[in-house]
Structures are given as C-alpha cells and as structure tokens.
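Step one of this worksheet: look at the structure below.
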Amino acid sequence: MPLDQYVYFALSSERTTAQEMTGLLGIQPDETKVRGSRIVQPAIPVCHRWKVVCREPGLRVDEQIAHVLDRLRPHTDRIASLARRLGEEPGAGRAATLQVVRYFREADEPSKDSQLRAEEEPNLFGWHLDQEILDFLAATGALLDIDEYDLTG
C-alpha cells in the first residue's frame, strides 16, 4: 500500500506572529502560516504558526522526526521558553506540537517497473519514538499529534 507522510514541529499563537517567533528563536522556519478568522471585517488572524518540516520521501516517521529535531535540539531551551510564553497567552492551548501526517493511498495498476520499485522501497509502516524524541517533547511541552488518512477506495 503506497504511503505518503511528513512531519513538522510547530509553534502556534493567536498573538505572536511567526516573524516574532523567528526573531526570538533565531531559527528560520521552513514554513509559516496565518489562519484568519471566519469574520471578514475586520479580518483578525486566529493562528500564527511557525514550522520546521521534513517531507523527504522514503524515510520512516522516526527518521523524519530525527531530521526535524536535529535542527531544533541545539535550541531546545529557547524553544521551551517560547512555548511556555505562548502557552500563557490568554485563550492559548498547547503552543508546541510535533505533527505526523500520513496518507494511505490505493496501489496503482501493477506493472513490472512499479513492482521493482515496490520491492526496493523501504517499509514505512513501522516507526518508534526513542528517548531523545520523548525528552525533547517533554522539555518543550509539545504534544504529539498523529493524523492518518485512508485514501483507498
């Protein structure tokens, strides 16, 4: 069964912009996002999000997480401090999230080429969280959110 997946670590806030988060952390994000309110006038941002992402295909989830955390781990104290600050904003929930997103797809019509590729592809279904990952999540107060989508039939 074909599988597409990616992971990201995000900091979110209703009040602190992603640009401000970048300045406080000294780390450039891979992506930023501003989600607006449902009210058109005045348009008030509901969520600013700062993200470090790994979308590299062919890696298990734990390997993708390792790529993200390799970038973030040297800055754990600053990330943890900012996550606490963002979490104390009025109406804030958890400010830090390690997100795993997986899409299970229908297999294409088998052909000789696709069968060869399937045999060479790594098994992406098994993954684990090692102690270093758990320590980072605990230090930053991040929640782990896993979304899996079945796109088959």
- Message: Please list 3J(HN,Hα) in residue order for region 89-98, calculated via the Karplus relation 6.51 cos²θ - 1.76 cosθ + 1.60 where θ = phi - 60°; whole Hz, with x for glycine and proline.
- Response: 5, x, x, 6, x, 5, 8, 10, 9, 9
- Message: Give me a comma-separated list of calculated 3J(HN,Hα) values for region 131-143, in order, Karplus coefficients 6.51, -1.76, 1.60 applied at θ = phi - 60°, integers in Hz, x for any Gly or Pro.
- Response: 4, 5, 5, 4, 5, 5, 4, 5, 5, 8, x, 6, 8
- For ASP135 and ARG94, FRET efficiency with R0 = 22 Å and r from the beta-carbon atoms, rounded to 0.05? 0.80
- Task: May I ask you to order 86-97, 10-21 by the average number of other C-beta atoms within 10 Å around their residues, highest value first?
- Result: 10-21, 86-97
- Task: Extending each Cα 7 Å along its Cβ direction at ARG15 and ASP150, get the distance between those two points in nm, one decimal.
- Result: 4.3
- Could you pull out every residue, at least 5 positions away or on a different chain, whose amide H is within less than 5 Å of the one on GLU14? Hs are placed 1.01 Å off N in the peptide plane, and Pro or chain starts have none. HIS48
- Note on the structure: Sorted largest first, the Cα spans of region 1-107 on the principal axes come out in Å as 46, 37, 21
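Any read-out appearing in this document is the output of simple, stated calculations on the displayed coordinates, not a laboratory observation. Predicted model, so just to flag it, every value in this text is computed and none were measured. Note: ideal-geometry Cβ built from the backbone for every residue, glycine included; neighbour counts use all protein chains shown.
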